[in-house]
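The values are calculated or read from the model by the stated rules, or taken from the named source; none is laboratory data. All figures in this text were calculated on a predicted structure; none of them were measured in a lab. Virtual Cβ from ideal backbone geometry, glycine too; neighbours counted across all protein chains shown. Heads up: the accessible areas ignore ligands, DNA and RNA and are worked out on the full protein's heavy atoms, side chains in. Shrake-Rupley method; radii C 1.70, N 1.55, O 1.52, S 1.80 Å.
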Amino acid sequence: MKPENTTRIQFDSLSVNEGFARGAVAAFLARYDPTVPQMADIKTAVSEAVTNCIVHAYPDRVGPIVLTVSVYPGRLVRITVADRGVGIPDVAQAMEPLYTTGNPEERSGLGFAVMQSFMDGVRVASRPARGTRVTLTKRLAAKGEDT
């Protein structure tokens, strides 16, 4: 299926860019007039995905993060957050609630669980030393339709 509209941006894995990513996604999707709860859900999931790249993909350096947002017929939104960082050796384990490779005093290990709770779909593809791609999907309700 071909998207109706797409944008792609690249930015450095700096914590100050997490807010930029959320804002960019919100600005791009604003023309589709999502509900406030839908927009909050999407922004939260994007924030978690980008933060994972910043904290885990590039633990000792700054690297590129590529964010792509596409809207398909039927108001299906697909967002990908991709890095070329260290990768995830065991995706299933990484998606377990409370699992973290970071400092447990600073990280809760709930990033993927949060993404899953706010989005209709979350897919993770990763290869060690090659990077990770997180794909988030959500269907925006049409005007007057329940969310």
Only residues that are touching a strand residue (DSSP E or B) at 6+ places or on another chain (Cβ under 7 Å) and more than 15 Å from Asn17 (Cβ to Cβ): list them for the stretch 43-71, please.
-> Ala45, Thr68, Val69, Ser70, Val71
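Which is at pLDDT 95 or above and touching a helix residue (DSSP H, G or I) at 6+ places or on another chain (Cβ under 6 Å), of Val77, Val69, Val62, Val114? Explain how you work it out, then say what you get.
Values: Val77 fails: touching a helix residue (DSSP H, G or I) at 6+ places or on another chain (Cβ under 6 Å); Val62 fails: touching a helix residue (DSSP H, G or I) at 6+ places or on another chain (Cβ under 6 Å); Val114 fails: at pLDDT 95 or above.
The unique qualifying residue is Val69.
Going by what's in this entry, would Ala92 be described as loosely packed, with under 13 Cβ neighbours inside 10 Å, small (Gly, Ala, Ser), out of contact with any helix residue (DSSP H, G or I) (no Cβ under 7 Å at 6 or more places or on another chain) and at pLDDT below 95?
Numbers: loosely packed, with under 13 Cβ neighbours inside 10 Å: yes; small (Gly, Ala, Ser): yes; out of contact with any helix residue (DSSP H, G or I) (no Cβ under 7 Å at 6 or more places or on another chain): yes; at pLDDT below 95: yes.
Considered against the rule, which asks whether it is loosely packed, with under 13 Cβ neighbours inside 10 Å, small (Gly, Ala, Ser), out of contact with any helix residue (DSSP H, G or I) (no Cβ under 7 Å at 6 or more places or on another chain) and at pLDDT below 95, Ala92 comes out as yes.
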Could you tell me whether Tyr72 is touching a residue at least 40 places away in the same chain (Cβ under 8 Å), open to solvent by less than 50 Å² (accessible area, probe 1.4 Å) and in contact with a Gly (Cβ under 6 Å, 6 or more places away or on another chain)?
-> no
Report yes if Arg139 is open to solvent by 80 Å² or more (accessible area, probe 1.4 Å), at pLDDT 95 or above and under 22 Å from Tyr32 (Cβ atoms), otherwise no.
-> yes
